[in-house]
Structures are given as C-alpha cells and as structure tokens.
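Colleague: Pasting a structure below so you can have a look.
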Amino acid sequence: MTTGALAWPRPIPTVEKVVKPGQTQKIGWFVSLDPTCRSVGPWAVNMIEPPGKGQVMVEQGSEYPGFSPNNPRSACNKRKVPATRILYSAPPGGPDDDQFIIEIVDPLGNAQRLRYHVGLH
C-alpha cells in the first residue's frame with residue numbers, strides 16, 4: 001500500500017453559486033435514502049482546497065430531496081429528510097470571487113470531488 005496523494009482520475013465538476021458579501025448562505029446539501037425514505041446515513045465532507053476568502057461549514061439538518069419523478073424515491077420529495085448541508089460564509093467587502101474544492105463521500109463510500117465557484121456580489 002502506498003501513502004501520499006493519489007491522482008484524482010476524473011474531471012472535477014464546478015458548481016456556480018452567488019453569496020452576498022458579509023452573508024452566510026446554504027449552497028448545497030446531500031441526502032441518501034432507502035426506498036422507504038429512511039436515511040441511510042450522513043455524508044462525509046472533506047476539504048481538499050479551502051476557500052481563499054470565505055469560510056465553509058458543514059452541518060447536519062433536514063431538506064426536501066429532489067428525486068426525479070421516475071425515481072422510486074420521488075415519494076420522499078414531499079417531506080424533509082436528514083441531510084448533510086454545506087454553508088458558505090462570505091467576507092464583507094465589494095464584489096469578488098472565491099472557490100474551494102471538497103470531496104463528498106456518501107454512506108456507502110462512493111466519493112466525488114466538487115469545485116465550488118462563489119461569486120461575491
């Protein structure tokens with residue numbers, strides 16, 4: 001087994017968000033549900049590259065999921081379910097940009113990296 005950084009083989013998708021300077025805003029959430037709408041467990045969120053200006057917070061809460069109508073879990077969309085939420089706290093000041101990269105890991109161990117580009121205006 002090797003130690004150290006491993007190359008990430010897939011391109012990292014970018015999520016575009018806008019947050020007003022000096023404000024804190026929810027910018028994403030993740031849910032894992034079984035077909036009966038019970039939570040399979042929380043997601044892990046690992047910071048790969050921190051933001052240069054603002055702060056990122058991770059919390060457990062509840063959200064309405066957004067499963068497509070043809071997904072068996074679409075019935076779960078009618079009520080809030082346990083969710084892992086990502087919040088971004090923007091620094092005060094004028095218009096600017098920030099970005100960061102996180103790795104999200106679902107309860108089954110499936111991992112994905114996401115780049116967030118945050119417009120501060």
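Colleague: Of the candidates 87, 33, 108, which one comes out as most mobile in a Gaussian network treatment of the chain with C-alpha springs shorter than 10 Å?
Modeller: Largest GNM mean-square fluctuation: 108.
Colleague: Would you please classify the overall shape of the stretch 14-120 from the alpha carbon gyration tensor, given that a ≥ b ≥ c denote the square roots of the eigenvalues, rounded means a/c under 1.5, and beyond that prolate means a/b larger than b/c while oblate covers the rest? Don't skip to the answer; put the middle values down first.
Modeller: On the way: a/c = 2.48, a/b = 1.89, b/c = 1.31.
Cα axes put the stretch 14-120 in the prolate bin.
Colleague: From Cα pairs below 8 angstrom and at least 6 apart in sequence, can you work out the relative contact order of the stretch 14-120, rounded to a whole percent? Write down the numbers at each step before the final one.
Modeller: Details: 252 pairs, mean separation 42.8, N = 107.
Answer for the stretch 14-120 is 40 percent.
Colleague: Would you mind ranking 97, 106 by Cβ crowding within 10 Å, fewest neighbours first?
Modeller: 97, 106
Colleague: In addition: Taking the Cα-to-Cβ direction at residue 117 and at residue 10 and moving 7 Å from each Cα, how far apart do the two end points lie in nm?
Modeller: 2.0 nm
Colleague: Simple spin-label model, 7 Å along Cα-to-Cβ: residue 33 to residue 55 in nm?
Modeller: 3.2 nm
Colleague: Subtracting the Cα-Cα distance from 0.36 nm times the residue separation, let me have the gained length for residue 67 to residue 80 in nm, one decimal.
Modeller: Here the answer is 3.4 nm.
Every number in this text was worked out from the coordinates using simple rules, so none of it is lab data. All values derive from a computational prediction rather than experimental measurement. Heads up, the Cβs are rebuilt from the backbone with ideal geometry, glycines too, and the neighbour counts pull from every protein chain shown.
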